[in-house]
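Input: a single structure, listed below in structure tokens.
The values are calculated or read from the model by the stated rules, or taken from the named source; none is laboratory data. Here the structure is a predicted model, which means the values were calculated and not measured. Glycine also receives a Cβ, built like all others from the backbone with ideal geometry; neighbour counts cover every protein chain displayed. Surface accessibility is based on the protein's heavy atoms, side chains included, excluding ligands, DNA and RNA. Shrake-Rupley method; radii C 1.70, N 1.55, O 1.52, S 1.80 Å.
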Amino acid sequence: MLTDELRAEVARLKEKRDAVVLAHYYVPPEVQELADHVGDSFALAKLAATLPCRTLVFAGVSFMAESAKLLSPDKTVLMPDPSADCPMAHMVRRETVDAARERFGDDLAVACYVNSTAEVKSWSDVCVTSSNAVRIVRALPQANVLFVPDRHLGSYVASQVGEKSVILNDGCCPIHRDISAEEVRALKAKFPDAPVLAHPECGPEVMALADFAGSTSQIIEAAVAGSAHDYIILTVDGVRGELERQTTGTGKRFHFPATRPTCPDMDRITVERLVACLRDGSGEVGLPPVEVAEGARAALTRMLELGR
Ligand code: 13P
Ligand code: SF4
């Protein structure tokens, strides 16, 4: 429970640094409450590129803060805990990209999920997020697309964009991977009229049971707009607060897998660490070496141009 003193202290520190706090839906609810903007990774990247403040505090994992710094290199970007890292961001090897380029030449595009390090982005032609991956892959001129690092989002994209040959890489989000088809079937048996809204980082067996696939924001929008009473939500539990806030008074109910998916890296972003970083200016995110920064920024900028 946040006190008025704490809220006032955060407001004072933000003003002093000319700081805006951006938070992802997966960080703890009390951190989301203190943020100026809460969103999915695409919305937060767009904000990072355009907000007029001097300092951005990124309440999320490192690939998000790193993308913010690449898109807005003149701003100071701070992370409440720089060790909060997405394991999937590292799950692709340079050789995989080189081998595909060697095999397909100019008829290959490398599409890189934004959940990746700056180095991986710099090997790629374009970044995507879960909210725009289908649209962007469809718009690419090449017939072959190597999708890295997430094989689950990649296979969802392949299922939607039949006209392309999508080559998958063996990475995935351990949290969404562990949502099992059995537990989804159990939820469906209990709530047979509930639409299943899934994040496409879930595995193909789970996605086959879904009525809707989308990013965190798109899942929230679909549940808010829907006419059903119960919804089965297949993503990290952090979206629950916003789902409940936006549906207050409607009686809508949200059912998550019993294993309660949480992201331990996002959970590292606590109120105490947020306040400390605003107070001390700690956790500053730097730019990678110039060749990496240039390639990664080009892939991110292309996403901002092609995505929505
Ligand atoms: P969104 O782009 O849907 O916000 O998801 C980011 C993420 O890390 C999902 O695990
Ligand atoms: Fe990475 Fe998965 Fe956590 Fe998202 S939920 S930040 S993909 S580990």
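Of the residues screened, LYS46 is one that is under 26 Å from PRO28 (Cβ atoms), modelled with pLDDT under 95 and away from ligand 2 (no atom under 16 Å from the Cβ).
Please find, within segment 192-208, the residue that is nearest to ligand 1 (Cβ to nearest atom) out of those that are in a loop (DSSP other than H, G, I, E, B), within 23 Å of PHE147 (Cα to Cα) and over 16 Å from the mean Cα position of the chain (by Cα). Here the residue is GLY203. Looking only at residues in segment 33-54 that are in contact (Cβ under 8 Å) with a residue 12 or more places away in the chain and away from ligand 1 (no atom under 16 Å from the Cβ), which one is most open to solvent (accessible area, probe 1.4 Å)? Per the stated criteria, the residue is ARG54.
For segment 102-134, name all the residues that are under 18 Å from the mean Cα position of the chain (by Cα), away from ligand 1 (no atom under 14 Å from the Cβ) and either under 13 Å from GLY307 (Cβ atoms) or of a type in the set (Phe, Trp, Tyr) (or both). ALA111, VAL126, listed by residue number. Filter segment 15-32 for residues that are open to solvent by 30 Å² or more (accessible area, probe 1.4 Å) and in contact with a helix residue (DSSP H, G or I) (Cβ under 8 Å, 6 or more places away or on another chain); which is farthest from HIS199 (Cα to Cα)? Restricting to residues being open to solvent by 30 Å² or more (accessible area, probe 1.4 Å) and in contact with a helix residue (DSSP H, G or I) (Cβ under 8 Å, 6 or more places away or on another chain), the top hit is ARG17. Taking residues in segment 156-176 that are within 12 Å of ligand 1 (Cβ to nearest atom) and among the hydrophobic types (A, V, I, L, M, F, W, C), and partners anywhere that are open to solvent by less than 40 Å² (accessible area, probe 1.4 Å) and in a loop (DSSP other than H, G, I, E, B), the pairs with Cβ atoms closer than 6 Å and at least 6 places apart or on different chains are CYS173/GLU201; ILE175/PRO261; ILE175/CYS263.
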